[in-house]
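To start, the structure itself, in structure tokens.
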Amino acid sequence: MSPNPSTIPRVSGCLAIIAAAAVGACGGAESTSNALMTPQSVSAPSDRLKVPTPVSAPTVEPAPAPAPTTVTAMVPAVDKAKIPKGSVGYSSELLAPTTQQPMYTDIGAFRTVCEFSHMAFDDPIVYPGQPGRSHLHAFFGNTGVDANSTAASIAGSGNSTCRGGTANRTAYWAPAIIDTRDGTPVKPESLIIYYKTGYRGILPAAVQPMPAGLRMIAGDSNASAPTAGGIAIFNCLAPATGEGPKTVELPTTCPTGNTIWATVSFPQCWDGVHLDSPDHKSHMAYPINGGCPATHPVPFPEVTLNFAYTVTDAAALARWRLASDNYDSSIPAGYSLHADWFNGWKPQIMEAFIRNCDQASRDCFAHLLGNGQMLLGVGA
């Protein structure tokens, strides 16, 4: 795709409420048949923080994935023939000079936007090298992600559906939403990502860039009751205000024209050594007592993923369930909300927004790098 700004399409719908919503937010196995199918198994914040000495990128290899646990499946049936197509993405970096400056604030904030890329029964973090092993996921960012993706392939290949093009090949994914009437996967409109600082007692100046190859999971794919701590929630947002009620379950009422956000907040404290761990979580931790625990001393910006779905048929919401909702359908949907993040940022781009936006306590909106450059592309 051409990086000429005049040729970059704008998108409508939920992206029109990003600015308003941002203000409100601040201060699986697959068969070869196209028939309706059901996967047979799935895997079972205050004291001032001392700024740590920056660490160099780790040289250790990520820990291997554990052997999968098989359980009786109650996940929603999926009609493979109705899996929606996504964006082909951008094949080049989309950057441009700008005189616009970030806004001074009490937190550091960088946001970006990605279009929906594709859906697949894959998870390269939990089930690496096992295509079709996972429940159905919706992927954003790197268009080439599949079960065989590695840190090298994500960082060095594939188009990107994100603002900035291949400057950000990070892979983001979450369980697909399924309309249980006929197994239709619901097409998401976009993903809005926050990289912010100044929360939970961690000083903005303390945060560090994420190392190449880091991967993280937040939320609980096995949950059948609300997750504590507000890590995974839903919002029904009005387009005029970008605000609306929050729930721990997938909303069954939200007016047509509103946008449902499935929001997942990631841990921001790293152990400084491992890019992954056997459970894909223990190398990361959430802040406690106003800072990072001694076992995980390296603070990152807080990453929050907001998966956006425009409500076109309010009556359909009562039929929606997550592809990972592996529990009785009489229990409210959405408790298994979780998300995955696999680093694919170009290091110099991430270093720019962390230094000039997050560490500097400036609001860079959804396009500024704070160094005289801005990202072009989706919704710009």
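The values are calculated or read from the model by the stated rules, or taken from the named source; none is laboratory data. Keep in mind that what you see is a predicted model, and the values were worked out from it rather than measured. So basically every Cβ, Gly included, is an ideal-geometry build from the backbone, and we count neighbours across all protein chains shown.
Does Asp340 meet the test of being touching a Phe, Trp or Tyr at 6+ places or on another chain (Cβ under 6 Å) and charged (D, E, K, R)? For Asp340, the condition - touching a Phe, Trp or Tyr at 6+ places or on another chain (Cβ under 6 Å) and charged (D, E, K, R) - is met. I'd like the residue in region 232-242 that is of a type in the set (A, V, I, L, M, F, W, C) and modelled with pLDDT of 95 or more and, out of all such residues, is nearest to the chain's Cα centre (by Cα). By that ranking, first place goes to Ala232.
Within the set Ile260, Ile202, the sole residue that is touching a Cys at 6+ places or on another chain (Cβ under 8 Å), at pLDDT below 95 and under 25 Å from Ala109 (Cβ atoms) turns out to be Ile202.
Considering region 119-151 alone, what residues qualify as being touching a strand residue (DSSP E or B) at 6+ places or on another chain (Cβ under 6 Å) and at positive phi? Within region 119-151, Gly141 is the sole residue that qualifies. State all residues of region 86-111 that are touching a Phe, Trp or Tyr at 6+ places or on another chain (Cβ under 9 Å), surrounded by fewer than 24 Cβ atoms within 10 Å (Cβ to Cβ) and modelled with pLDDT of 95 or more; if no residue qualifies, say none. Gly86, Ser87, Gln100, Pro102, Met103 - these are the residues of region 86-111 that are touching a Phe, Trp or Tyr at 6+ places or on another chain (Cβ under 9 Å), surrounded by fewer than 24 Cβ atoms within 10 Å (Cβ to Cβ) and modelled with pLDDT of 95 or more.
Taking each residue of region 323-338 that is at positive phi and looking for partners that are part of a loop (DSSP other than H, G, I, E, B) and among the charged types (D, E, K, R) with beta-carbon atoms closer than 6 Å, six or more apart or interchain, yields Gly334/Glu249. Cβ separations smaller than 6 Å between residues 6+ apart or across chains give the following pairs from region 156-172 residues that are closer than 12 Å to Val113 by Cα to residues that are of a type in the set (Asp, Glu) and surrounded by 24 or more Cβ atoms within 10 Å (Cβ to Cβ): Thr161/Glu115. Of the strands (runs of 3 or more DSSP E) lying entirely inside region 262-380, those containing at least 1 residues that are touching an Asp or Glu at 6+ places or on another chain (Cβ under 8 Å), crowded, with 17+ Cβ neighbours inside 10 Å and not hydrophobic (A, V, I, L, M, F, W, C) are 302-310, 338-342. Just for region 207-225: of the residues that are of a type in the set (A, V, I, L, M, F, W, C) and over 17 Å from Tyr286 (Cβ atoms), which one is surrounded by the most Cβ atoms within 10 Å (Cβ to Cβ)? The extreme case among them is Ala212. Inside region 207-225, residues that are closer than 20 Å to Val298 by Cβ and assigned to a loop (DSSP other than H, G, I, E, B) make up a count of 8.
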